[in-house]
1. Please go through the range B:100-137 and give me each residue that is in contact with a strand residue (DSSP E or B) (Cβ under 9 Å, 6 or more places away or on another chain), crowded, with 21+ Cβ neighbours inside 10 Å and outside any loop (DSSP other than H, G, I, E, B), ordered by number.
2. So if I check each of B:158, B:142, which one is more than 18 Å from the chain's Cα centre (by Cα) and not in a strand (DSSP E or B)?
3. Tell me the residue from A:79, A:64 that is more than 19 Å from residue B:165 (Cβ to Cβ) and over 18 Å from the mean Cα position of the chain (by Cα), please.
4. Just give me the residues in the range A:23-51 being of a type in the set (A, V, I, L, M) and within 24 Å of residue B:139 (Cα to Cα), in sequence order.
5. Regarding residue A:90, is this residue more than 7 Å from every other protein chain (Cβ to nearest Cβ), more than 30 Å from residue B:15 (Cβ to Cβ) and crowded, with 18+ Cβ neighbours inside 10 Å?
6. What about residue A:75, is it in a loop (DSSP other than H, G, I, E, B), in contact (Cβ under 8 Å) with a residue 24 or more places away in the chain and surrounded by fewer than 15 Cβ atoms within 10 Å (Cβ to Cβ)?
7. Would you point out which residue out of B:40, B:70 is among the charged types (D, E, K, R), surrounded by fewer than 21 Cβ atoms within 10 Å (Cβ to Cβ), assigned to a loop (DSSP other than H, G, I, E, B) and at pLDDT 90 or above?
8. Scan the range B:175-186 and report the pairs whose first residue is assigned to a helix (DSSP H, G or I) and whose second residue is of a type in the set (Gly, Ala, Ser) and buried (at least 21 other Cβ atoms within 10 Å of the Cβ), with Cβ atoms within less than 7 Å and a gap of 6+ or a chain change.
Amino acid sequence: MHETSIVNSIIKTLELEFEEEKLDKMSAIYLKVGKLSNIEPRLLHNAYTAKYPCGTKFHSIKLHIESTEIQIQCEVCNHITSVINYRFLCEKCDRPSKNLIQGEEMLIHKVEFED
Amino acid sequence: MSIEKSTKAARGSVQCENTNINLLKANDYVADIIRNEMAKTKTLLINITSSAGSGKTTLMQKTAEKLKDKLTMAVMVGDLETERDAERIRESGIQALQIVTGGICHLEAQMVHQVLPEYNLEDIDLLFIENVGNLVCPASFDLGEDYRVTLMATTEGDDKPKKYPRMFLTSDMMLVSKSDLLPYLPFSVDAVIKDAREVNHELEVLQISALKGEGIDAWCDWLLNKIKEKQA
């Protein structure tokens, strides 16, 4: 159920952002989803195909999903740590941090149109 | 069956647009509208999340009993089916409306916004959204709340914060519920707090039993403080 909601949000968001004429020419959507976003790329692909089977308007759009690792940047020493096992600690100075710089995003970061 | 090779030559041109739009932009837009409305009416909005069966509705009943003479409280409760929870909460003498999601496993800002006109927000100091029992997707949907409170029942096992990190990362308060059962369960409060704070070091924690009353005063004090801050 979660994935179908996400597919609906993607299309709703793009409909708000672009005019219909332009949407008709859309050929690819590039998503960037963080490990913390609770989005599983394979399930999202399945949900997309289920929602837009052959013959429907958005079926031919290619969906690319990139999954990103969790990273925090220490507020004190500025060191960037890749978070492993959900321990949100700076690996250099051992301070806890919630300053996420990557891993939480759910972005439509690029779309392609074809003439 | 053979795979047909495409003989079509590449045609047209590919235009590319860098968008970087949040995929839940539509949800977050509505969440901001809710937040603005709540700021106007000075209503404290709390989003209650947890697994199914961790005691959200019982906590709502207990909180209503404790606070209904001091302030006006209301609840909106999300479930896949039935109106049972809203009925239970109404028995405590407060306004409660049920959102039946019809199979959707979380509440979205749009659903909350649709129900808001049913409440007289000017008169309501504290509005709870009792989310669908689920530690996964409700974490991703901002409902315009001031605070997110997650119940973590002792019967669930103390390993949940690391299994469902995003929920604990986005919460402001963790209520370790059903504490009256601690003597009978292999559940370590220290272990659950340690794991939860590794995910979110700012997370506040209270230990409660809605059934026996432990920690309910501290919980109500926390709420009263937040209401005071909001109405200041």
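The values are calculated or read from the model by the stated rules, or taken from the named source; none is laboratory data. Since this is a predicted model, take the numbers as computed values, not measurements. So basically every Cβ, Gly included, is an ideal-geometry build from the backbone, and we count neighbours across all protein chains shown.
1. B:112, B:126, B:127, B:128, B:129, B:130
2. Details: B:142 fails: more than 18 Å from the chain's Cα centre (by Cα).
Among B:158, B:142, only B:158 is more than 18 Å from the chain's Cα centre (by Cα) and not in a strand (DSSP E or B).
3. Values: A:64 fails: over 18 Å from the mean Cα position of the chain (by Cα).
Answer to the selection: A:79.
4. From the range A:23-51, those of a type in the set (A, V, I, L, M) are A:23, A:26, A:28-29, A:31, A:33, A:36, A:39, A:43-44, A:47, A:50; that's our starting set.
Within the range A:23-51, A:31, A:33, A:36, A:39, A:43, A:44, A:47 meet the criteria.
5. Working: more than 7 Å from every other protein chain (Cβ to nearest Cβ): yes; more than 30 Å from residue B:15 (Cβ to Cβ): yes; crowded, with 18+ Cβ neighbours inside 10 Å: yes.
It is true that residue A:90 is more than 7 Å from every other protein chain (Cβ to nearest Cβ), more than 30 Å from residue B:15 (Cβ to Cβ) and crowded, with 18+ Cβ neighbours inside 10 Å.
6. Details: in a loop (DSSP other than H, G, I, E, B): yes; in contact (Cβ under 8 Å) with a residue 24 or more places away in the chain: yes; surrounded by fewer than 15 Cβ atoms within 10 Å (Cβ to Cβ): yes.
In short, yes.
7. Details: B:40 fails: assigned to a loop (DSSP other than H, G, I, E, B).
The conditions single out B:70.
8. So the pair list comes out as B:179/B:209; B:180/B:209.
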